[in-house]
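One structure is given below, encoded as structure tokens.
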Amino acid sequence: MTQVAARLVDGVRAISAADWDACAGDANPFVGHAFLAALEESGSTGGRSGWQPIPIVVDGADGRPAGIAPAYAKSHSQGEYVFDHGWADAWERAGGAYYPKLQIAAPFSPVPGPRLLLRDPEAAAPLIAALEAVTDRHGLSSAHATFVAPDQLPLFEQAGWLIREGTQFHWTNNGYGCFDDFLSALASRKRKAIRKERAAAVEGLTIRHLTGAGILPEHWDAFWTFYQDTGSRKWGQPYLKRGFFPMLGAALGDRVLLILALRDGVPIAGALNLIGADTLYGRYWGCTEEVPFLHFELCYYQAIDAAIARGLKTVEAGAQGEHKLARGYVPVSTWSAHYIPDAGFRRAIADFLVRERAAVEHEHACLDELAPFRKGEAGPAA
């Protein structure tokens, strides 16, 4: 293997925000210094979380980072949303130790984006080689770059990493001026169903969109209660710590959008979004009062309203969820890349991925037929 001048760094905060963001850019907040550093500072990563941050850096001729991989040593497979528990079980039944593994990701965030943060595009190949070298030299079972932006996928393919396909549901703004313009693109029955859902969801409630300094400590207190409720039901224990949310709000300001539902002035539900260059990212939701359709209203319809108002191209509403299809969110492919050093294990996973991809693509074709758009209307992104 070619020798690569790369270094492991003890956490995101060991790199200056200026150097990190010179590589990450500002289009996708989930790989920015503010988001990842807030995870560390709040204790959501590091410590006993099972996400030990070890960014891998390739320096340029000027001594500053030319490329960074947001890498983590993982002692479990939680919070990734690309499920490899079966791989772990198979490797351990064969006598191996699957953990720790190397994860290149935005923790707890099933958000497609760059996994090679590049100030200099020429740093891509050395950075991938460094990921492989870390895996090999430390005897790790594998390295995984999850939710890789499609334009970076060829970089991993050229390096021989195995590619895995998944599915999410995204909404695309086809030049809509308002929510009714979007509804006009849907079949009549779907239009009526959505209008009925929206009316039922907000009856007796007030909906507020808050950003930046408009998000007060009491709003974060309410949202933390919502998040805990959802986390305890879905995962058993919430991934994120209490301090993370106000830290994120302070660091990202108007790029944080908190949508609250209030009854008689008291918040009963909320959805947290981050705003990218052309995308609204729906992330966390919760409630203290069960209201029919309110989840759909805050997480999907209000997100569409916000995206249209801001001229954003896309709403990404998180992982999975075929129920999003009827609400105008259509299936798109997501991608991950996997480095498996052991030849036999690699062959077994490669065979699995061939069969899995055929199933995923068949599912996509079936789901496309169920899209709610009128015949001739564009639903999925081009």
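Quick notes on this one:
- For the stretch 17-158: accessible area per residue (Å², 1.4 Å): 35 Å²
- Inter-probe distance in nm under a simple model that places probes 7 Å from Cα toward Cβ, at GLU322 and GLU290: 2.3 nm
- Under 17 Å from the LEU216 label point (7 Å along Cα→beta-carbon), backbone N, the stretch 269-295: 269
- Residue-normalised accessible area of the stretch 191-332, given per residue in Å² at a 1.4 Å probe: 42 Å²
- Among 37-48, 336-347, sorting by the average number of other beta carbon atoms lying within 10 angstrom of each residue, highest first, gives 37-48, 336-347.
- Annotation: for a label point projected 7 angstrom from Cα along Cα→Cβ of THR230, residues of the stretch 89-121 with backbone N closer than 14 Å are 108-111.
- Estimated FRET transfer efficiency (ARG189, ARG263; beta-carbon r; R0 51 Å; 0.05): 0.95
- Fraction of the pair-distance distribution of the stretch 44-89 above 11 Å, Cα-Cα pairs, percent: 73 percent
- Annotation: lysines with alpha-carbon distance below 26 angstrom to LYS192 (same-chain offsets under eight excluded): LYS313, LYS324, LYS375.
- The stretch 225-301 versus the stretch 80-145: alpha-carbon centroid distance in Å: 29 Å
- Protection proxy ranking, peptides 199-208, 25-34, average beta carbon neighbours within 10 Å, highest first: 25-34, 199-208
- Choice from ARG189, ARG115, ARG13 showing the highest fluctuation, given a GNM over the chain with Cα pairs closer than 10 Å: ARG189
- Our summary gives the stretch 67-221 a relative contact order of 22 percent, counting only alpha carbon pairs under 8 angstrom and 6 or more residues apart.
- Per-residue extension of 0.36 nm, minus the Cα-Cα distance of HIS85 and ARG347, leaves a gain of 92.6 nm for this segment.
- Accessible surface of the stretch 74-116 [probe 1.4 Å, protein heavy atoms]: carbon and sulfur percent: 59 percent
- Built amide H within the under 5 Å cut-off of ARG374, gap 5+: LEU186, ALA187
- Among 135-144, 65-74, sorting by the average number of other beta carbon atoms lying within 10 angstrom of each residue, highest first, gives 65-74, 135-144.
- The coefficient of translational diffusion for the stretch 289-382, derived via Stokes-Einstein from the alpha carbon Kirkwood radius under 20 °C and 1.002 mPa s, stands at 133 µm²/s.
- Per the Cα gyration tensor, the chain maps to an equivalent ellipsoid with semi-axes of 35, 25, 20 Å, ordered largest to smallest.
- Rounded to the nearest whole Hz, the Karplus-based 3J(HN,Hα) values (6.51 cos²θ - 1.76 cosθ + 1.60, θ = phi - 60°) of the stretch 123-131 follow the sequence 7, 4, 4, x, 5, 5, 4, 5, 4, with x at glycine and proline.
- Relative frequency of Cα-Cα separations exceeding 15 Å in the stretch 1-89, percent: 63 percent
- The string of couplings for the stretch 285-291 from the Karplus curve (6.51, -1.76, 1.60, θ = phi - 60°) is 9, x, 7, 10, 9, 7, 10 Hz, one whole number per residue in order, with x for Gly and Pro.
- Within the accessible area of the stretch 131-254, the carbon and sulfur atoms contribute 50%, probe 1.4 Å, all protein chains present.
- Atom-type composition of the exposed protein surface of the stretch 294-382 places 54 percent of the accessible area on carbon and sulfur (1.4 angstrom probe).
- Length-normalised contact order of the stretch 32-149 in % [C-alpha pairs under 8 Å, at least 6 apart]: 26 percent
- When the Cα positions of LEU155, ALA185, ALA271 are compared along the charge dipole of the stretch 153-287, ALA185 comes out farthest toward the positive end, with charges on each C-beta of Lys, Arg, Asp and Glu.
- Computed from backbone phi with θ = phi - 60° and the Karplus coefficients 6.51, -1.76 and 1.60, the 3J(HN,Hα) list for the stretch 52-64 is 8, x, 9, x, 10, 10, 10, 8, x, 5, 7, x, 9 Hz; x is used for glycine and proline.
- The chain: relative contact order as a whole-number percent, Cα under 8 Å and 6+ apart: 20 percent
- When you filter the GluC sites (Glu not before Pro) in the stretch 301-382 for DSSP loop state and at most 13 other Cβ atoms inside 10 Å of their Cβ, you are left with GLU377.
The values are calculated or read from the model by the stated rules, or taken from the named source; none is laboratory data. Small disclaimer: the values here were computed from a predicted structure and weren't measured. So basically every Cβ, Gly included, is an ideal-geometry build from the backbone, and we count neighbours across all protein chains shown. Heads up: the accessible areas ignore ligands, DNA and RNA and are worked out on the full protein's heavy atoms, side chains in. Shrake-Rupley method; radii C 1.70, N 1.55, O 1.52, S 1.80 Å.
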